[in-house]
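Worksheet for the structure shown next.
The values are calculated or read from the model by the stated rules, or taken from the named source; none is laboratory data. The model shown is predicted, which means the values in this text are computed figures rather than measured ones. Note: ideal-geometry Cβ built from the backbone for every residue, glycine included; neighbour counts use all protein chains shown.
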Amino acid sequence: MLEVRELTKSFSGFTAVNQASLTVAEGDIHAVIGPNGAGKSTLFNLITGHLIPDSGEVTLKGERLTGLAPHAVVRRGLGRSFQRISVFLRMTVWENVQIALVAKDAREFCFWKPLQNEKEKIAQLLETVRLEEEAKVVAGELSYGKQKQLELALALAGEPRVLLLDEPTAGMSPRETEESILLITKIVKERGVTLLFTEHDMNMVFGIANRISVLHHGAVIASGTPDEVRGNHAVQEVYLGRPTH
Amino acid sequence: MPRRHLLLAAAVVALLALLPLSGSTYLLYLFTQVLIFVLFATSLNLLIGYAGLVSFGHAAFFAIGGYGCAILLRSYGVPLLLAMPAALVMTAVFATLIGALCVRLTSYYFSMLTLAFGQLVWAVVFKWRSMTGGDDGFLRIVSPSWIDTPASFFLFTLVLVTLAMVALWIVAHSPLGRTLMAIRENQVRAGFLGVHTRRVQLVAFIIAGTFAGLAGALFALFNRSIFPDSAWWLQSAEVLIMVVLGGMNSFFGPAVGALTLILLGRLTLELTAFWPALLAIILIATLFFFPSGIAGLLKARGRR
Ligand SMILES: Nc1ncnc2c1ncn2[C@@H]1O[C@H](COP(=O)(O)OP(=O)(O)O)[C@@H](O)[C@H]1O
Ligand SMILES: [Mg+2]
């Protein structure tokens, strides 16, 4: 479904992502793990067109994504969240989701269709991410965890076929992390969305992912099922004796 | 809140429609001018307030609309009802070309580029003497007889400005208005929702420019003449001050700003020589003491 071929990206001489390749099959729950600074976020930014790779390419269902602008990548069925929360902080939760739906239906230029027409859809999305209660709250005033949920709602609004979540639980308490991961896997399975995500909690990763890729110094040093990755020597070396969060 | 504003606006239009009964030419001229600048300032606020794009060259489109209409009318003998729409189309075309380049840049760079294009339009108008009359101005613009009196021209302006304001209100409160605000707040996120951010900004730029062109066309007809000054950066600055003074966070704020600034200009006629200085002081006072403009002040009072 999603094919990443030999992506490389340097920042003024420092190679953040180095010849990284991975394949995500339809319906996969695919985790990208690696120590801080391994290049996970950069990899996601390259896949989604937020950054332009020095070399390599990304295809979705055989169609080339590399070189497309973010909006064009999204239109082809890819959705994403950001490690650093990126929502519309001065708008209410309701308005955040509303704008996401306008964008999804490409209704920016429908002057005659009032904004209020999508009540049920918005309510439904808010229910999905459990933010019904907060509909009228300004996003900037939400707790960190709830902002993460809103971030998820925005990514889901576009009804992506492939969803990229960059550390969806970063900064959450262990309990929030667990709840949030369960929610995400539930949504993903219900909707038949393919998921590519990064996560620092290894128990979670090995618990829910059916494929794992390990990134180290920008290179993919292992990719396979959780058992294969667990048994991989290179991976053991990277993580040996080192707490993973 | 917005519904109350609409009712108030409708009441103002109804009252204005009665203004010819006063028989005062002075008032008719004054409010014709106010209406034109209400439209001009509101069109700019679509960019500043909604899109967060601070244009320093909005007068370019005011001038293009004004000169376009005037030249078609006088030099080519095109009837007004054709000349005006044609001038608007012309303004839209220029807004498309200029806007397509400007929205490639963001923040200060966008502002600087609009300033540069504004000055370019001014230079063309200034130098193209055979077409525009250069700095002597383009004079003796003759309106058709049905809008030949102060009262009929005022009503003509009232109708057009009201229609234009309704159109701008619809745009500002449509998905486009909301999308512009989203881009202003977080352009990256908007892009990753699937919004072609530049295209949306360009459409706003074209709409804003075209309505400024309508204001310019009315201005030329009103004065029966138009001068290169109308494209000069000071004109852009003046309408920008109207927006800031009135309040850019409110749809009708710039209209209030236009009214206030024009009335101030009238009250200080003896000080005309100091008008730029006065403008500067008004701007400074606004920024320091009520940064959300008169509309912001009114809102704060209403809340108490
Ligand atoms: N825009 C950038 N400019 C310079 N260096 C960057 C930039 N983005 C990331 N890096 C560097 O690239 C490396 C990988 O970063 P990142 O992709 O954020 O890692 P991860 O998400 O795995 O923690 C880090 O060393 C980081 O400092
Ligand atoms: Mg990261």
field: Residue check for residue A:51: within 16 Å of ligand 2 (Cβ to nearest atom), surrounded by fewer than 22 Cβ atoms within 10 Å (Cβ to Cβ) and more than 10 Å from chain B (Cβ to nearest Cβ)
entry: yes
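Can you confirm whether residue A:44 is more than 12 Å from residue A:2 (Cβ to Cβ) and either among the polar types (S, T, N, Q) or buried (at least 17 other Cβ atoms within 10 Å of the Cβ) (or both)? It would help to see each step written out before you state the result.
Numbers: more than 12 Å from residue A:2 (Cβ to Cβ): no; either among the polar types (S, T, N, Q) or buried (at least 17 other Cβ atoms within 10 Å of the Cβ) (or both): yes.
Judged against the criteria, residue A:44 is not a match.
Can you find, within segment A:76-106, the residue that is nearest to the other protein chains (Cβ to nearest Cβ) among those that are part of a strand (DSSP E or B) and within 18 Å of residue B:197 (Cα to Cα)? So that I can check it myself, show each step before the final result.
Going residue by residue through segment A:76-106, those that are part of a strand (DSSP E or B) are A:78-80, A:92.
Among the residues that remain, those that are also within 18 Å of residue B:197 (Cα to Cα) are: A:78-80.
Numbers: A:78: 9, A:79: 8, A:80: 6 Å.
Top of the filtered list is A:80.
Pick out the one residue from A:61, A:40 that is farther than 21 Å from residue A:185 by Cα and either within 16 Å of ligand 1 (Cβ to nearest atom) or not small (Gly, Ala, Ser) (or both). Before you say what the answer is, go through the steps one by one.
Details: A:40 fails: farther than 21 Å from residue A:185 by Cα.
Answer to the check: A:61.
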message: Looking at segment A:102-112, can you tell me whether even one residue there is touching a helix residue (DSSP H, G or I) at 6+ places or on another chain (Cβ under 6 Å) and aliphatic (A, V, I, L, M)?
response: yes
message: I'd like to know if segment A:61-80 contains one or more residues that are touching a Leu at 6+ places or on another chain (Cβ under 8 Å), surrounded by 21 or more Cβ atoms within 10 Å (Cβ to Cβ) and over 18 Å from residue B:189 (Cβ atoms).
response: yes
statement: Filtering segment B:1-50 for residues that are in contact with a Leu (Cβ under 8 Å, 6 or more places away or on another chain), buried (at least 24 other Cβ atoms within 10 Å of the Cβ) and of a type in the set (Gly, Ala, Ser) leaves a count of 1
- request: Looking only at segment A:140-159, decide whether some residue is under 24 Å from residue B:204 (Cα atoms), surrounded by fewer than 23 Cβ atoms within 10 Å (Cβ to Cβ) and out of contact with any Leu (no Cβ under 7 Å at 6 or more places or on another chain).
  value: no
task: Test residue B:225 against the criterion of being under 15 Å from the mean Cα position of the chain (by Cα), surrounded by 16 or more Cβ atoms within 10 Å (Cβ to Cβ) and more than 21 Å from residue B:162 (Cα to Cα), and give yes or no.
output: no
- line: Considering segment A:166-198, residues that are of a type outside the set (A, V, I, L, M) and more than 24 Å from residue A:126 (Cβ to Cβ), and then whichever is farthest from ligand 2 (Cβ to nearest atom), we arrive at A:174
field: residue A:167, sole failed condition from (1) buried (at least 22 other Cβ atoms within 10 Å of the Cβ); (2) in contact with a Ser or Thr (Cβ under 6 Å, 6 or more places away or on another chain); (3) over 25 Å from residue B:249 (Cα atoms)
entry: (1)
field: Pair list, Cβ under 6 Å, 6 or more apart: segment A:161-189 residue at positive phi and assigned by TED's automatic domain parsing to the domain that holds residue A:203, other residue assigned to a helix (DSSP H, G or I) and surrounded by fewer than 20 Cβ atoms within 10 Å (Cβ to Cβ)
entry: A:171/A:144
query: From the set of residues in segment B:193-209 that are of a type in the set (A, V, I, L, M) and more than 7 Å from chain A (Cβ to nearest Cβ), which is surrounded by the most Cβ atoms within 10 Å (Cβ to Cβ)?
result: B:208
query: In segment A:158-220, which strands (runs of 3 or more DSSP E) lie fully inside it and hold 2 or more residues that are of a type in the set (A, V, I, L, M, F, W, C) and more than 16 Å from ligand 1 (Cβ to nearest atom)?
result: A:162-166
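Answer yes if at least one residue in segment A:3-16 is within 13 Å of ligand 2 (Cβ to nearest atom) and at pLDDT below 95, and no otherwise. Steps first, answer last, please.
First, the residues of segment A:3-16 that are within 13 Å of ligand 2 (Cβ to nearest atom): A:16.
So of that shortlist, the ones also at pLDDT below 95 come out as A:16.
Yes: segment A:3-16 contains one or more residues that are within 13 Å of ligand 2 (Cβ to nearest atom) and at pLDDT below 95.
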query: When you go through (1) within 16 Å of ligand 2 (Cβ to nearest atom); (2) modelled with pLDDT of 90 or more one by one for residue A:158, which number turns out not to apply?
result: (1)
- prompt: When both residues are 6+ apart or on different chains and their Cβ atoms are under 6 Å apart, which pairs have a first residue that lies in segment B:156-182 and is free of Cβ contacts under 8 Å to residues at least 40 places away in the same chain and surrounded by 20 or more Cβ atoms within 10 Å (Cβ to Cβ), and a second that is of a type in the set (Lys, Arg) and not in a helix (DSSP H, G or I)?
  reply: B:175/A:107
